[in-house]
Structure formats: structure tokens, C-alpha cells
Amino acid sequence: MKKSTLSLLLVLCLWSGCQDQPSRSESDLHHSPVSFSPSIGDFPVFSDGQLATLVVSESEDQGIQIAVTNLQDDLLLLTGQKAPLVHRLEDIQTDKAIIIGSAQKPTIQSLGLELQFLENKWEQFVIQGLDHPTSQVSECLVIAGSDKRGTIYGVYQLSQLMGVSPWYWWADVPVVQQEHIFVRKSPYTIGEPRVKYRGIFINDEAPALTGMAFDKFGGFNAEFYSHVFELILRLKGNYLWPAMWGKSIYEDDPQSPILADQMGVVLGTSHHEPLSRAHIEWSLHGQGPWNYSKNKENLKQFWREGVQRMGTNESIVTVGMRGDGDEPMTEGTAIQLLENIVKDQRTILSEVTGKPAKETPQMWALYKEVQDYYDQGMRVDDDITLLLCDDNWGNIRKLPTYGDTTRAGGYGIYYHFDYVGGPRNYKWINTTQISRVWEQMTTAYAYGVDQIWIVNVGDLKPMEFPISFFLDLAWDPRAITADQIPAYGRQWAKQQFGTVSAEAIAYLLDQYTLFNSRRKPEMLSMDTYSLTHYREFERVVRDYNALVEQARQIKEELPPRYHDAYFQLVEYPIAASANLNEMYYEVAKNHLYAQQGRTTTSETALRARQLYEKDSLLTLQYHSLRNGKWNHMMSQTHIGYTYWQQPDHQSMPTLVEKSLPLTGAHAGIALENSELWWPNNQTLSLPKFDSQNNPHYYIELFNRGTDASSYDITSNHRAILLSKKSGNLTFTERIEVSIDWAAMDDQSMDGSLTVSVNGEAIPIHIHADKLASSTPPVLNNGALAFEASDYSRKVESEHVTWLTVPQLGRTGSSVIAQPPMAKSALTPNAPHLAYDFALLEGAQVKIKLYTAPTLNYHNDEGLSYAISVDSQDPVVVNIHQNDTFPEWEKKVANNAHYTTTTHILDSGQHTLKIWHIDSKIPMQKIDLTVGDKPYSYLGVR
């Protein structure tokens, strides 16, 4: 057997082993041990007005004691009663108790439970019942952890299962009081986390989070961070890069890092802040330039003080060096110098801590140009975690070699939900599809990236939904499969808002993030979508506004206690996003109408200004919630960008206030899918009709004069149907045109409409084709689109399957080959997707495949697929063949990558095949076109 074949078989065996593991939805999400009605044999946390006593030994770690105090507060919200809290078993005054502690501590060991399975485990817990733990207690519930955080997670997991959302403070999710709370006594655990360190990075935090923190807490102090630490732990995270622009968690309030260590949160510093020193500290305390070759001793002393200050706090130390202010190092920086910097930093670690450097967790971030140094041969000690990075837009730049387990420090990922930089900042609102997070991060996990997962969350709000998903996925990337992504949304909505509206709310979350992912709001303009083709801009606005209406209806059905949380998590992002898109739609119409001389030009300007003002009113509504608790949180500017950096203030796009009308009665005619209009153009044709697609096309009559016009429309064929045949034209009239196929005697028809207005007769050509019902999808007007998931057939192999990832892409779901490391040779039976279609006439057909903006993970020749039609030889397409910086900017701005091939085909039925060569290519959509097609952002529809 060839070595390559053996390697592939080993890969597939390992991958299959991962996939056979039970999913978390089977054990955790769907089989909660908590019930809210009396249940014989289960432990009564609260029943008949009696609340169990909480027991935690004073010898337990302080973080566990803080968590138990929070559990006491949670139970108060759940029951209206404050649970007794004691520190010794003999002090229990009730016959029911919840006993909490580390499995190694005497209190838990004295209970005689079989807890050997927790030995040497990382952050695992068990919740189980026990009868007669002491002579005065008839039954108890035990929460035991393998270590400090394991115990803390057990406490917060119980709270969550009882109905306390991790977002109870950060999103004001209400806690519903219960008359009964019972917990199954059989052991309940969710195992160990699969990713060791799982965290968030608060970044780009001004003006929003900064304003809120100073308003409510007086700054980024321990009181502020106590809420951050608690949130991370309730979400089963354990790691934080604190806010760093003009801030230092050690200096802003020295109690904050102490509290982090007490509560159980691992502190780090961001990718460009070495040895626990915040960026701002160099400008405050540093001497000389931030340049190691010129200022080595001062920098070493600066870093030494950082390690001394860190002390024994649980931390991950950043090593390496970037330019000052998260900028690249000076051009031409020598790799040898950078390796020496890391070597000297490790010497400092060893000297200050008094132990080998490898005993202090460290990470080196391969961020931006630092990855280039690595690719050029720079290396660091293998106990240092290599923190791989995305491109700041959610596309991972690099993966390890598959099966590389030789690195003691392993690999991590630094991911982004927020970014400041080119091609444009995106900080205002959530634009992240959890399906893309799933695809990227599970791929990373399959390649062994399991030491650190950390995500840049900007201001933290309004990224609540993707933060939850990211940290849940990090706990066990195997536990959420692609087909469970929609179920995750439903479960999350249920956790925040209850069962009744969970499915409808999950739909809203899926849809608005799909819509927002098409293009970041900061990048929108009047030119983003087409006004004239496929009703594109109109459909985008209509779909957004449909979500707004659905969100409004759901809110009316929710009890008022949910309204504040609902506004933050669902209603505001939908309403604000819909409003922004509609504003640009009105601006686009304003400019088009001015060109056409429409009398309604001023109305579009007025509507655009109203929508611009509404943006501010929605922000004000958010800021006034809870008596101003969230003041400043939505103050990120998002209108008026002129380059990558945000404007200081928002500004209204340029408008044409009015178009001077012609004197008397004057009209104009515009047609769907055409930029031509009368009287500017004398020859007008509607797009072709066909019975398979059965389209409706519009004729738009508009007033251009000071007086109203009257019009009549006639047709020369009885099959041509009109929504309206005559009327008075004061502003605008849209007439829908369709075909009555039963009235067509022939297979094709060439007909016409005549619009009579102001003494003129304007002919409009119409062509229609009546197709056999068995005809596969046909190119209508020289265009046809398939969602990648709408294949006619799929062919798989023993080692390669096709997976549909729901809601991944700009218009629907994506299809990707699994496992991610698989490759295929081009043989007649190789894995492929087949799409049947038909051509009415022979033509040269362009086939455009839309894929996610996936990067070249291995800095090699890139990822490829092959494409063929019928019996033609497959054409190999490398999606990274023309990788350049401008191309990358286009890909991330469009959130899609396009590759196009050309095929000469006869009329008749055909089969398009997309062949697997490399996995890791999420395919979104396929457009087939004949001839040059006008611009539309989302492509053929």
C-alpha cells in the first residue's frame, strides 16, 4: 500500500472515531436532570415552600465559595427565598442539602461517593443525589468537581438548568420563579472540555463599552470585571484578554487580577502585549523606543516587572513582539532578533518564577506578519502554544499539519467577531453566522487545535449569541454537528425566552445573521445591491422588514418581563439592521429617480432622512433600557465611512432634494431587469417568460411633470395578463405582467403591450416559452441559479461524504466535503455533486461558483475542485490561484469568493458536476449565465 493511501486511511479512521462520539444534545441539552414538577425519587431543591441548605466548606477555594454565593442569589430569584448557607455538615438545619466542593476535599470525600472517575481530570464535575449522607440529613445533592473550575462549572450548570441564563445580568434575561425544582439523583456530567483554554477578548471597546463602564462603574475596575468573570464562568469559559486600548487591568484597579484568580479566570494579554504588560503601560512607564535592537535593557526590565506583578495568578503569558500599537515590526526585521526576544523573555520568566519557563503556560500569536516570520522559518520552544489566527474576518489563515502531536504546547486559534482595520472596521452589531464559526472551528479542531480558543468580541454586547455558541462549541467541538446548528439556536432562544416562542426566535436569529453576514453594515452603500435587477435591493429590504414584523408579533406574545432582554438580543439588531438597509435603498432610489426626472425624488429624500433619524432613535431606545444601564452601548458609528477607519460622527449620505418636474403632463416607463427607460430609450422589452419559472415582471409608470397623466395598456395576445390596464398617474404605478399558460396554443409566443400615455403609444415586446413539465431547471433570460445544497444527485465514496451546513452563506446553506483533510483523485467514480439543467438554445455558458472566502490554510498550492458538464473533461479550478491582497479585500467585503469557468453547450438537457479534489471548500451557490449580465450583488435569482 502506498504511504499516502495509508496516511489517508489513518486520517479517516481517526475522523470516524470522532464522529461516533455521542453528541452533547443527546446527554445535556435534551436530557436535563432538572424538572419543575414533583417527581418521586428525585432530589427536591425546592418543594412545598422548603429550600435545601447549601453546604460549602470554608477550606474550599474562594472561587467555589463565590460561585456558591451566586447560586444562593440564583435560588432567591428562582424561589423567592434565600437558601440557608453553612460551611459544615453538622450545621445543616434542614433534612435536604446541596453539598458542594472539590472531589479531593474532606467534605466531599466523607460522603463515600465513587468519584475516582474525576481523578486527574480537567474541569469536570458531577451532580448526583445521595440518601442519608449524615444522620440529620435524609437526602442531598452533591456537586463535586475534579478541580476548582470543575466544581464552579457544576454550580453554574445547575443554575442554568434550573432556569438562570448566563446572560441574566449582561442581557437582563429574567429568571422565572418556580413552585418546584427537582433534580434527578443519577450521576450527571458533561465530561471534560475538549479545548483546554476557552475565552474572549474585550477589544475596540471605545466608545461603547468604555462609556457604559465609566457611567455605571466608574471605569474598568474590579466591580466591572466581576460581571465579566462571572459571565465567562457561567458560559464554561476560563480565559480572558481584558480591555486594552488605553487600559491596563493591573493598573486600572489592582484588585481586578486578584479577583480573576480568586474566581477562577485565567488572565492573559493580547497577541501584541508581551509578558503581562498592557500596551498602554509602555507609554506610561516605558523609557526609550519600543525597539529591541536599540532599547533592549529597558524593555527587559519593563517585561520583568510585568512577570513580577503577575505573581502566582493563573495566567497564559504572551511572548514575542510586534510594533508599538499593534503595528508590524520594522520592515526587514530579522528572524534571529525575534527568536532572541522570545529566548530572553523565557529567561525572565524562569528567573522571576524560580522554575523552568516551560512550567508557565505561554503562547505566541502568529498574527498578521508574525505568521510570515513563522513561514520563513522562525521557531520557538515547543512548550509554547502556537496561537494561529484568522484574517480578522472569521477566516482561519493557517492550520497545523494533520496529525502533528509533537508540539507539547499544542495549537490555539485567535478568532474575530469584531475588528478595527481594513478593508473596513466592523464593530457596531452582530454579523456573525454561527454556522461559519462551526465550520472554521471544527475544522481547526480536526487538525488538532485544542489548546486555546479565544475570540475578539469587541464590546461584548451585542455579540451574546455567537459568544455563547463559540464557548459551547469549545467545550466539545464534536458535540454540535452541522445538522444540530438550528437546534442550538432553538435551545439558546428557549434558555433566554422560554419554550413557547423559541423556534420562531431562533428563526429570527438565523435570518438576521444571514442577512447581516452578506456585507458588514459599515460597508453598505446605495450601490451595494441592484435596484433594477432581480428586484434585489427591494427584496433585501422586504425580507428585513418581514423580520421586523415577525419580531414585533413575537414580542407581543412574550410576557412583559422578557421585553428588555428581547429588545437587546433580537429586536434591536433586526430593527436597526433593517432600518439601515432601507435607508440606503431610499438613497439609491433617490439618485435613480433624480436621473429619470421623477416627481417622487423628493419623497425618497424625505424617507431616507427619516430612516437616518430612526437609527438614532433606536440607539436612544437601547440606551434608555433599565434606567440607562446600557447607555453608550450602541454608540459605535456605522454610517458615513469614507475609508477603513470609522468616522468620528455619523453623516447622512448625499441626497438629491428634488427633481424639477417638466411643465404639464409627462410620464416615464421603467421595466424590471432593465436599466433602460422611456422616453430616454425608445425600444423596450420585458425579460422572457417561461412556464417552468412562471415569473411576474413589472412595468413601472412614473410621473415626470407638474400635471397628472392618464394611461391605458393593451396587449395583442390573450395570454398576456396585467394587474391593471388603465388609471391616472400622479406619482408611480407598478403593473405586474404575467402569462396565462393555458391560453397559449403554441410552444412560444412573441407578443407586445402598448402603453398609451399623453398621446403617445409605447410598445413593449414580450416573449414567452411554454416548456414540458419534465424539463429540468432551464436558463431563463440566459440565467439560472442553484443553491449548492439543491443538487440533483450526490456521489460519495468510502472515504468522502458531502455535508450540508445550514445557514452558511449569503443566500442559504452550503455544502462541504468531509472529512476536512480528505483528498480525491479525478476518476469517473470520484465524489461529486450533480445538477441537472436545460438550455433552450446552444450557447457559451459561464458557470460561477460561490464559495466561502476560505483561505489557503497550509500556504501551499491552495484548495481545488473540478467542474464538468456532461461528458466533458473536468476542469480543475484552484480557488487560491490568484490570491492577492486586493482579492482578499474583495472576498472578505463580499463574504464570498467567486470562480468562473466557460463551457460551450448545445441546446437540450445537461448535467453539471462539481468534483471533489480538496475538502474545506464551503460551496454556497452556482450561477449559470449566457452573455454578459448586469451587476447584482447576490447573483442570479
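The values are calculated or read from the model by the stated rules, or taken from the named source; none is laboratory data. Here the structure is a predicted model, which means the values were calculated and not measured. Here Cβ is always computed from backbone atoms with ideal geometry, including for glycine, and neighbour counts include all displayed protein chains. Calculation scope for accessible area: heavy atoms of the full protein, side chains included, ligands and nucleic acids excluded. Shrake-Rupley method; radii C 1.70, N 1.55, O 1.52, S 1.80 Å.
Which percent, to the nearest 5, of DSSP beta bridges fully inside the chain are antiparallel? Around 70 percent antiparallel, to the nearest 5. Normalised by 2.2 N^0.38 Å, where N counts its residues, the alpha-carbon radius of gyration of the chain equals 1.05. Within the stretch 846-871, find all residues whose amide N lies under 12 Å from a label point positioned 7 Å from the Cα of L826 along Cα-to-beta-carbon. Residues 864-869 qualify, since their backbone N sits under 12 Å from the label point.
Modelled label positions at K355 and E114, each set 7 Å beyond Cα in the direction of Cβ, lie 3.4 nm from each other.
Each of T601, G403, Q636 was scored by the projection of its Cα onto the charge dipole of the chain, and the greatest displacement toward the positive side belongs to T601; charges sit on the C-beta of Lys, Arg, Asp and Glu. Which aspartates and glutamates, if any, have their Cα less than 14 Å from the Cα of K368, not counting same-chain residues under 8 positions apart? Within the straight-line limit of under 14 Å, K368 reaches these aspartates and glutamates: D326, E327, E331, D390, D391. Over 25 Å between C-alpha atoms is what I'm after, so list which of K358/K461; K121/K461; K148/K247; K724/K933; K823/K848 land there. Correct reply: K358/K461; K121/K461; K148/K247; K724/K933. Summing +1 for each Lys or Arg and -1 for each Asp or Glu among the other residues whose beta-carbon sits under 14 angstrom from that of D344 gives +1.
For the peptides 373-379, 628-634, what is the packing order when you average, over each peptide's residues, the other Cβ atoms within 10 Å and list the highest mean first? Spell out each step's value before the answer.
Working: 373-379: 13.9, 628-634: 20.1.
Answer by packing, highest mean first, reads 628-634, 373-379.
If you average 1/r across every pair of different Cα atoms in the stretch 225-331 and take the reciprocal, what Kirkwood value do you get, in Å?
Value: 14.4 Å, from the Cα pair sum.
Given Cβ point charges of +1 (Lys, Arg) and -1 (Asp, Glu) and nothing else, what value in debye, to the nearest 20, does the dipole of the chain about its Cα centre take? Before the final figure, lay out each step's value.
Numbers: 79 positive and 111 negative charges, 93 e Å.
So the dipole magnitude of the chain works out to roughly 440 debye.
Relative to the compact globular guide of 2.2 N^0.38 Å, what is the alpha carbon radius of gyration of the stretch 662-769, as a ratio?
On the way: Rg = 14.0 Å, N = 108, 2.2 N^0.38 = 13.0 Å.
That ratio works out to 1.07.
Computed from label points 7 Å out along Cα-Cβ, the spacing between W169 and N856 is 4.7 nm. Straight-line cross-link reach from K355 at under 19 Å between alpha-carbon atoms covers these aspartates and glutamates, not counting any fewer than eight positions away in the same chain: E305, E314, D344, D381, D382, D383.
Kindly provide the trypsin sites (Lys or Arg not before Pro) of the stretch 721-750 that DSSP labels as loop, not H, G, I, E or B, and whose Cβ sees at most 13 other Cβ atoms within 10 Å.
On the way: sites: K724, K725, R734; in loops: K724, K725.
Answer by residue number: K724, K725.
In the stretch 197-480, a dipole from Cβ-located charges (positive for Lys and Arg, negative for Asp and Glu) runs towards its positive end, and of Q301, I452, A243 it is I452 whose Cα lies farthest in that direction.
Take the Cβ-Cβ distance between D324 and L617 as r, set R0 to 35 Å, and report the resulting FRET efficiency rounded to the nearest 0.05.
Values: r = 41 Å, r/R0 = 1.16.
With R0 = 35 Å, the Cβ-Cβ based efficiency is 0.30.
Using DSSP, restrict attention to beta bridges with both residues in the stretch 34-184 and report what percent are antiparallel, rounded to the nearest 5. Mind showing how you got there, number by number?
On the way: 15 of 28 bridges.
In the stretch 34-184, approximately 55 percent of DSSP beta bridges are antiparallel ones.
Computed extension length for D870-F36: 294.2 nm, one decimal, from 0.36 nm per residue of separation with the Cα-Cα distance subtracted.
Calculated FRET efficiency, A761 and E503, Cβ-Cβ r, R0 60 Å, to nearest 0.05? It would help to have the intermediate numbers written out before the result.
Numbers: r = 54 Å, r/R0 = 0.90.
According to the calculation, E is roughly 0.65.
Over the stretch 778-930, the ratio between the Cα radius of gyration and 2.2 N^0.38 Å evaluates to 1.00.
Ordering 144-157, 573-586 by mean Cβ neighbour count within 10 Å, with the highest value first, yields 144-157, 573-586.
Would you work out what percent of the accessible area of the stretch 34-184, with all protein chains in place, is carbon or sulfur (probe 1.4 Å)? Don't skip to the answer; put the middle values down first.
Numbers: 2730 of 5770 Å².
C and S atoms contribute 47 percent here.
What distance in nm lies between label points placed 7 Å from Cα along the C-beta direction at T312 and S283? Reported label-point gap for T312 and S283 is 3.6 nm.
To the nearest 500 deg cm²/dmol, what mean residue ellipticity at 222 nm is calculated for the chain from DSSP H runs of n ≥ 4 alone, each contributing -39,500 (n - 2.57), summed and divided by the residues?
Computed ellipticity for the chain at 222 nm equals -9500 deg cm²/dmol.
I'd like the FRET efficiency for R718 and R561, computed as 1/(1 + (r/R0)^6) with the beta carbon distance as r and R0 of 60 Å, rounded to 0.05. E between R718 and R561, to the nearest 0.05, is 0.50.
Which of the GluC sites (Glu not before Pro) across the stretch 291-377 are loop residues per DSSP, with 13 or fewer other Cβ within 10 Å? It would help to have the intermediate numbers written out before the result.
Details: sites: E297, E305, E314, E331, E339, E351, E359, E369; in loops: E314, E331.
Here the GluC sites (Glu not before Pro) that fit, given the DSSP loop and packing criteria, are E331.
The per residue volume of the convex hull around the alpha-carbon atoms of the stretch 197-480 is 124 Å³. In summary, the helical segments of the chain meeting the span-like criteria, namely a full DSSP H run, a Cα extent along the axis of 20 angstrom or more and a mean Kyte-Doolittle hydropathy of at least 0.5, are 3-19, 62-79.
Of all GluC sites (Glu not before Pro) in the stretch 57-118, which ones are in loop regions per DSSP and have a Cβ with at most 14 other Cβ atoms within 10 Å? Don't skip to the end; give the middle numbers.
Numbers: sites: E58, E60, E90, E114; in loops: E58, E60, E114.
Here the GluC sites (Glu not before Pro) that fit, given the DSSP loop and packing criteria, are E58, E114.
Within the straight-line cut-off of under 27 Å between alpha carbons, the lysines reachable from K658 are K589, K614, sequence neighbours fewer than 8 places apart in one chain being disregarded.
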